[in-house]
Each structure stands twice: as structure tokens, then as C-alpha cells.
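Beneath this line is the structure, given in C-alpha cells, with notes to follow.
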Amino acid sequence: WAFSASNWTPPGHISIFTGKYPSQHGNNGQPYAPDELVTLTEILRQEGYFCVAMYNNPLAGKDINLTQGFDADIGVFRNSCVQPPWVRLRDKLKFKDSGSKATFPIALKTAEWVASKGGHLFLYLNIVEPHADYVIHEPWFTALTQDLVFDHIPNLDEVQALCASREE
């Protein structure tokens, strides 16, 4: 079994990297790791590990000071703010990706490079896809949506235009 110290990414991840509960982080409940906390990464780096942080979730990287002690900090997303739903939908429909297509190949190349040098790698890989919408397949999609009234979906015109531009 695995349990998280928090139901929110920043304090949960800070706890993973420090071994401390959110109440012990010393940041008054803010989603930010104080510099004075010693992290697992800093310990592993002192022991000779090459430490790489790869993430496509802005709430799991440098924006919350989670990457202190890493040799490489690779945030794979367009900017450091949480994307609005329509941008995520566009990425999913048009690019068929929300970051992992870029993240996984970079992680693999990094692991191969470290192995070729005979070193040890600590790879922190955090992807946002587990938070993505679950895709319901037929026949269940039709059964679950048969009573859906599309006139009551906000921004339906924008979504339809986006889908139409994808088909061009």
C-alpha cells in the first residue's frame, strides 16, 4: 500500500522528498519547499548520483522549489502556469499529447547517457496524465451520454471550432 501525506501535489511531493509531514515543512501551509529543508535528492547527489527532475506538471517542479539539489531540472511544458481547460483540450485533440510524448523520450535518453558513463541515476519523473480525463469507450459512452443536452454545455461553440480546426 502507498499513502500520501497530502491530497494535493505540492505538500505531498515535498513530504516524499523530505520525509516530513506537511505540518513539519515549516512553510506555514504554503505550496513551496523552504530552502533549508534537506531533500532526498541532496543526499543522493552527495553520494555520487546524477539527479534529474523531469515533469510536465508545474505543481511538481521548480515552481514549488521541489528541484533543489538536482543536477538537471527539465520541466516539459510551455510555461509555468496551470493551463486552462480549453488549452488542455486543444493539446489533447490537436497534438494528442499533454507532455508525456516529450517527457518519456528525454527520460530514456538521460538514463542511457548515465548508464554509458557508468554512473548512478536518480530520476524523478512526474507526469500529469494520471489526472487526465478518463476516456469512456463504446458502448458505455453512448449509454452514459444519451440523455446529455448539448445546448447546456458552456463554450460549446469554442470546443466545436477547436475540433473543426483539428480536422483541417
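Select, from 46, 30, the only residue that is of a type in the set (S, T, N, Q) and at pLDDT 90 or above.
Details: 30 fails: at pLDDT 90 or above.
Only one candidate qualifies: 46.
Is it the case, given these coordinates, that residue 33 is hydrophobic (A, V, I, L, M, F, W, C), within 26 Å of residue 120 (Cα to Cα) and in a strand (DSSP E or B)?
Working: hydrophobic (A, V, I, L, M, F, W, C): yes; within 26 Å of residue 120 (Cα to Cα): yes; in a strand (DSSP E or B): no.
For residue 33, the condition - hydrophobic (A, V, I, L, M, F, W, C), within 26 Å of residue 120 (Cα to Cα) and in a strand (DSSP E or B) - is not met.
Evaluate the stretch 103-121: report whether one residue or more is under 22 Å from residue 40 (Cα atoms), in a strand (DSSP E or B), modelled with pLDDT of 80 or more and in contact with a Gly (Cβ under 9 Å, 6 or more places away or on another chain).
Yes; the residues of the stretch 103-121 include at least one that is under 22 Å from residue 40 (Cα atoms), in a strand (DSSP E or B), modelled with pLDDT of 80 or more and in contact with a Gly (Cβ under 9 Å, 6 or more places away or on another chain).
Could you list all residues from the stretch 54-92 that are of a type outside the set (A, V, I, L, M, F, W, C), part of a loop (DSSP other than H, G, I, E, B) and either more than 28 Å from residue 38 (Cβ to Cβ) or at pLDDT below 60 (or both)?
So in the stretch 54-92, the residues of a type outside the set (A, V, I, L, M, F, W, C) come out as 55-58, 61-63, 65, 67-69, 71, 73, 75, 78-80, 83-85, 88, 90-92.
Now narrow it down to the ones that are part of a loop (DSSP other than H, G, I, E, B): 56-57, 61, 65, 67-69, 71, 78-80, 83-84.
Scanning the stretch 54-92 gives 78, 79, 80, 83, 84.
Restricting attention to the stretch 32-74, which residues are small (Gly, Ala, Ser) and either surrounded by 17 or more Cβ atoms within 10 Å (Cβ to Cβ) or free of Cβ contacts under 8 Å to residues at least 24 places away in the same chain (or both)? First the steps, then the outcome.
Keep residues of the stretch 32-74 that are small (Gly, Ala, Ser), which gives 33, 48, 53, 60-61, 69, 72.
Listed by number, the residues that qualify are 33, 53, 60, 61, 69.
The values are calculated or read from the model by the stated rules, or taken from the named source; none is laboratory data. Predicted model only: the values in this text are computed from it and were never measured. Neighbour counts run over all protein chains shown; Cβ positions are idealised from the backbone, glycine included.
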